[in-house]
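Please find one structure pasted underneath; my questions will follow.
The values are calculated or read from the model by the stated rules, or taken from the named source; none is laboratory data. Computed from a predicted model, the values in this text were never measured in an experiment. Reconstructed Cβ throughout: ideal geometry from the backbone, glycine too, with neighbour counts over all protein chains shown. Surface areas here come from the heavy atoms of the whole protein model, side chains and all, with no ligands, DNA or RNA. Shrake-Rupley method; radii C 1.70, N 1.55, O 1.52, S 1.80 Å.
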Amino acid sequence: MLIFDADDTLWENNILFERVIDDFLEWVAHPTLDRAEIRAILDDIERANVVTHGYGSAIFLHSLAECLSRLRERPATEAERRRIEELAVALVERRVELVPGVADTLAELGRRHHLLLLTKGDVDEQQRKIDASGLGHHFRGTHIVPEKNVEVYRRLAIEQRLDLNATWMIGNSPKSDILPARAAGLNAVYIPDPHPWALDHAEIDPDDDRVLTLTSFPDLLHHF
């Protein structure tokens, strides 16, 4: 059984947010704060909003507006909110850019193994991305959850009657894909994202022989 993360594993996600953030930092140009300082403020806002509101582009846009309000020391105007949405048009329109090699690799892996999809975030938004990706037919089950933690993996293992020794969680996030899956007894495949989200960082035990680290998605074909 191979379980796949979606965002930044099957399709690009964080790089789209980073592009918006770059444009946002250019636009807000503060008289006393540099880009790094503004980014630190935004990271703090996002960190708090993720805990309270979860994940997704709507929450991200809310965080940008909140950051602008803090910098301007007043509520964001309707014109400013529209400008933020214009900066984030790729997110608002939910375009999907597949990671190179994903479609062909999934097609081949599906001939050899059972595949599941496990992704976190807003249900409607994640389902739209799955539909837009054209990849949904590769998976015998799709699971969209608010957060991916140890309890989610344990529950999935029970519901799907998984053989933990023969099950692998495949993803780019140490925090939500690798560490909780390992804590639940699954094996894991870590495929680092070249544009990682700062809030997703966590250390993986380099001596854990049940974590396989690969450089690209198509490399899965050499191991499975």
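How large, in percent, is the carbon and sulfur part of the accessible surface of the chain at a probe radius of 1.4 Å? Let's see the in-between values first.
Working: 5690 of 11260 Å².
Its accessible area is 51 percent carbon and sulfur atoms.
State the Cα centre-to-centre distance between region 49-99 and region 150-189 in whole Å.
The distance from the Cα centre of region 49-99 to that of region 150-189 comes to 31 Å.
For Rg and Dmax of the Cα atoms in Å, pick the label among [x] 20.9, 78; [y] 18.6, 58; [z] 22.1, 93 that corresponds to the value derived from the coordinates.
The value matching this structure is [y].
Okay, moving on. Express in Å², to the nearest 10, the accessible area of L186 obtained by rolling a 1.4 Å probe over the protein heavy atoms while all chains stay in place.
Roll a 1.4 Å probe over it and L186 shows about 0 Å².
Further, regarding this structure: To the nearest 10 degrees, how steeply does helix 57-72 sit against the main Cα axis of the chain, on a 0 to 90 scale?
Rounded to the nearest ten degrees, it is 30.
How much of V99 can a 1.4 Å solvent probe reach, expressed as accessible area in Å² and rounded to 10?
Rounded to the nearest 10, that gives 30 Å².
Relative to the longest principal Cα axis of the chain, at what angle does helix 78-87 sit, 0 to 90 degrees, rounded to 10?
Approximately 40 degrees, to the nearest ten.
Also: Pull up all non-local amide H partners of L212: gap of 5 or more, or a different chain, and H-to-H distance under 5 Å with H placed in the peptide plane.
A188, V189, Y190
Restricting to DSSP loop positions (anything but H, G, I, E, B) with no more than 12 other Cβ atoms inside 10 Å of their own Cβ, which trypsin sites (Lys or Arg not before Pro) remain in region 124-224? Intermediate results must be reported in sequence, preceding the final value.
Values: sites: R128, K129, R140, K148, R154, R155, R161, K175, R182, R210; in loops: R140, K148, R161, R210.
Passing both the DSSP loop test and the Cβ count: R140, R161.
Determine the dipole magnitude for region 76-224: charges of +1 sit on the beta-carbon of Lys and Arg, -1 on that of Asp and Glu, nothing else is charged, the reference point is the Cα centre, and the result goes in debye to the nearest 20.
460
To continue, here is another question. In degrees between 0 and 90, to the nearest 10, how far off the longest principal axis of the chain does helix 35-53 point, with axes built from Cα atoms?
60
Keeping all protein chains in place, calculate the accessible area per residue for region 131-224 (probe 1.4 angstrom), answer in Å².
Accessible area per residue: 53 Å².
Taking square-rooted eigenvalues a ≥ b ≥ c of the alpha carbon gyration tensor, is region 32-89 rounded, prolate or oblate, where a/c under 1.5 means rounded and, failing that, a/b exceeding b/c means prolate?
Working: a/c = 1.60, a/b = 1.05, b/c = 1.53.
Oblate shape, in that a/c is at least 1.5 and b/c is the bigger or equal ratio.
Could I ask something else about it? Only four residue types carry charge here, +1 at the Cβ of Lys and Arg and -1 at the Cβ of Asp and Glu. Report the dipole size of region 3-99 about the Cα centre in Debye, rounded to the nearest 20.
340
Can you give the net charge of the other residues whose Cβ lies under 11 Å from the Cβ of I45, counting K and R as +1 and D and E as -1? Mind dumping the intermediate values first?
Working: positive: R39, R47, R70; negative: D43, D44, E46, E66.
For residues surrounding I45, the net value is -1.
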